[in-house]
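What follows is calculated from the coordinates using simple rules that are stated; it is not laboratory data. Keep in mind that this is a model prediction, so the values were computed, not measured.
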Amino acid sequence: MHYVYLLKSAAFEGERYVGLTCDLKSRLADHNNGHSPHTSKFRPWKLETYIAFSERDKAAAFERYLKSGSGHAFAKKRLW
């Protein structure tokens, strides 16, 4: 399975992150242990939502969508 996940910073209000992974538990631990340069300064992270896909290309397309303008609006209304 491939997961598109939405994280919310527990320490910094308004900081959010959208990502894609095959191992959700390990990836969340990476974010919280500072192994991702983009997210390390806003630790700790809380998993807000995840969506599972059987095909990687569909997961990647959904992640790209969530990072677009209309995707941000959709996520804000339905997923955060």
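Close amide-amide hydrogen proximity is noted between residue 36 and no other residue 5 or more places distant or on a separate chain, at a cut-off under 5 Å (H modeled in the peptide plane; Pro and chain starts excluded). The Cα-based radius of gyration of the chain, divided by its Kirkwood radius, gives an Rg/Rh of 0.95. Applying the Karplus relation 6.51 cos²θ - 1.76 cosθ + 1.60 with θ = phi - 60° to the range 29-43 yields 3J(HN,Hα) values of 4, 4, 4, 6, 9, x, 7, 10, x, 5, 9, 4, 6, 10, 5 Hz, where x marks Gly and Pro. Sequence-distant or interchain residues sharing an amide H contact under 5 Å with residue 49, placed H: which? The list, which skips near neighbours in sequence, is 6.
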